[in-house]
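Colleague: Take a look at the following structure, please.
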Amino acid sequence: MNSRMRLLRIIIPLIIVAIDIKILQHSFSLAPFVILVAAVGYFLVIVIANSVKKGKSSKYERKPQSPWGALNEGIDPTL
């Protein structure tokens, strides 16, 4: 279900952009132009947010501990 919502968040603005481009090809009007700019902006925000979200998850991954990290727990790693 979640993947469908992500897909719809991308497909719907693209459909709106395609329709507005067709409308603007015949005659320029302010309303389709504003909708076109809003849809493109929304699409860019989604793409940027997804790329930032993917990069953030790997940033906080736990690093493998060395045997000397056990000193914090009071265990002597030389034994």
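Colleague: Output the residues belonging to segment 64-79 that are among the small types (G, A, S) and at pLDDT 70 or above.
Modeller: If the condition is that a residue be among the small types (G, A, S) and at pLDDT 70 or above, then S66, G74 are the ones that fit.
Colleague: Let me ask you something else. May I ask you to say which residue of L30, L8, L14, L24 is at pLDDT 80 or above and exposed (fewer than 10 other Cβ atoms within 10 Å of the Cβ)?
Modeller: L30
The values are calculated or read from the model by the stated rules, or taken from the named source; none is laboratory data. Computed from a predicted structure; not experimentally measured. Backbone-built Cβ (ideal geometry, glycine too); neighbour counts: all protein chains shown.
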